[in-house]
1. Quick one: would you say residue 158 is surrounded by 14 or more Cβ atoms within 10 Å (Cβ to Cβ) and within 30 Å of residue 25 (Cα to Cα)?
2. Based on this model, can you work out whether residue 215 counts as modelled with pLDDT of 95 or more and within 14 Å of residue 35 (Cα to Cα)?
3. Name the single residue that is modelled with the highest pLDDT among those in segment 161-186 being buried (at least 18 other Cβ atoms within 10 Å of the Cβ) and part of a loop (DSSP other than H, G, I, E, B).
4. Looking at segment 88-102, is at least one residue in contact (Cβ under 8 Å) with a residue 24 or more places away in the chain and touching a strand residue (DSSP E or B) at 6+ places or on another chain (Cβ under 7 Å)?
5. Given the options 63, 46, 19, name the one that is out of contact with any strand residue (DSSP E or B) (no Cβ under 6 Å at 6 or more places or on another chain) and assigned by TED's automatic domain parsing to the domain that holds residue 187.
6. Please give the number of the condition residue 314 fails out of (1) surrounded by 14 or more Cβ atoms within 10 Å (Cβ to Cβ); (2) under 25 Å from residue 227 (Cβ atoms).
7. Go through segment 106-128 residue by residue and tally those that are surrounded by 13 or more Cβ atoms within 10 Å (Cβ to Cβ), without any contact (Cβ under 8 Å) to a residue 40 or more places away in the chain and not in a loop (DSSP other than H, G, I, E, B).
8. Quick check on residue 143: is it modelled with pLDDT under 90 and not in a helix (DSSP H, G or I)?
């Protein structure tokens, strides 16, 4: 057993080669017991390869994996206290829901009654008792996802690996199922490792996120940390929408940075970043929801004018694409707080508008 204070899952300097190609590059990270931890990245970033090494389907080329204090080197998949839930769910079409859930218990040292009780417990956990005798084709996609989850949890794994678990669901069902997954994980206390390319899914589900790129972990943090305080241009661009400009540090002013931003036609103030010096080049990044759009010039230093080139009405908010005199394009979100649809939006096509932002909302990046 892991000693108190030690991570439940520890990945130490793990790399994986397929021939001359390095799919995972010297990854180290710790996961606490009972945590929902997401590996987030695009196709080919190494997240699924890392998941397969945790499952035992692949062996690391170098480095070690420890689970609950035990070195997993050489431990085959069937001997690990780990279960993997695949994107396809892999349900048996000829079996009922309850038989699918109970399939993984075939070789467990349990009596028939104990197995039946466990299956019933899992059916209740995922709220599928009324569907116990149905076949997979007779239930919805979201219900099939819960059957696969119940089957994975029936063997009481210490670690559950979920590979793109909600990718097959439509948007509304995916959003609802995210909360169901979180509720089930909270009730069982099982540690979840989720692989996903969906940023919103990772932000919603996770206690912490590891953002991966080209086999490397670029940043680890809570969803709010990764979104609000990205440590590189890659992470800032990958998580959510963002507008970026090259800048030069002019000076420090009362714990703020004054930045020269040619694309905006002048200077702006931003939150101070330790280590930056006058004359240093950097990148200014701003999230669309941090930008305010108005027809009247707002108070404050960070305000600049432009013309609405495009806009999109999404119901709850509107997206404005504003072109600046320099030719730069800025995206701004405005919440449609008042009922009235397009008639109540902040601006229209070709309107001259002011775009502004608070210095604390600006992200200054050096990598």
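1. yes
2. Details: modelled with pLDDT of 95 or more: yes; within 14 Å of residue 35 (Cα to Cα): no.
Here the answer is no, as residue 215 does not meet what is asked.
3. The selected residue is 164.
4. So far as segment 88-102 goes, no, none of its residues is in contact (Cβ under 8 Å) with a residue 24 or more places away in the chain and touching a strand residue (DSSP E or B) at 6+ places or on another chain (Cβ under 7 Å).
5. Numbers: 63 fails: out of contact with any strand residue (DSSP E or B) (no Cβ under 6 Å at 6 or more places or on another chain); 46 fails: out of contact with any strand residue (DSSP E or B) (no Cβ under 6 Å at 6 or more places or on another chain).
Answer to the check: 19.
6. (1)
7. Within segment 106-128, residues that are surrounded by 13 or more Cβ atoms within 10 Å (Cβ to Cβ), without any contact (Cβ under 8 Å) to a residue 40 or more places away in the chain and not in a loop (DSSP other than H, G, I, E, B) number 8.
8. Numbers: modelled with pLDDT under 90: yes; not in a helix (DSSP H, G or I): no.
In short, no.
The values are calculated or read from the model by the stated rules, or taken from the named source; none is laboratory data. Just so it is clear, the structure is predicted and the values come from calculations on it, not from any experiment. Note that we place each Cβ from the backbone using ideal geometry, even for glycine, and neighbour counts take in every protein chain shown.
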